[in-house]
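Scroll down for the structure; my scribbles are underneath it.
The values are calculated or read from the model by the stated rules, or taken from the named source; none is laboratory data. The shown structure was predicted, so the numbers you read here are calculated from the model rather than taken from an experiment. Don't worry about glycine lacking a Cβ; one is built from the backbone with ideal geometry, like all the others, and counts go over all protein chains shown. Areas reflect the complete protein model, heavy atoms only, side chains present, ligands, DNA and RNA absent. Shrake-Rupley method; radii C 1.70, N 1.55, O 1.52, S 1.80 Å.
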Amino acid sequence: MDITPQEEIMIKALREAAFPPLFVLIRIRNEISNDTANVEEGRRDEVVTALEKYIGPLWEDYHEGNRAKANMDDSE
């Protein structure tokens, strides 16, 4: 999958802001999904689908980490 210059600039800006990787992926997915003016529909669907494959496992890990932390807090 090729990355357009606009997508590359957005990724770099989010990384420089030191946001967590999961936040960056979700933000990029949402921005591309909603960009009907600059990204053609086929390209949008392709990118969103690819990003969702990466986001899914990270999202599950994030929630498992939160559950584990909550369980540890409850046991104290």
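For the reader, a short list of remarks on this structure follows.
- Label assignment, Rg and Dmax of the Cα atoms in Å derived from the structure, set [x] 17.1, 58; [y] 12.4, 41; [z] 15.6, 53: [z]
- Between the listed residues MET10, ILE26, ALA70, the Cα displaced farthest toward the positive end of the dipole of the chain, a dipole computed from Cβ unit charges relative to the Cα centre, is found at MET10.
- Counting only protein heavy atoms and a 1.4 Å probe, the chain has 77 square angstrom of accessible area per residue.
- Percent carbon-and-sulfur accessible area, the chain, ignoring ligands, DNA and RNA, probe 1.4 Å: 53 percent
- Dividing the mean sequence gap of close Cα pairs (under 8 Å, 6+ apart) by how many residues the chain holds gives a relative contact order of 26 percent.
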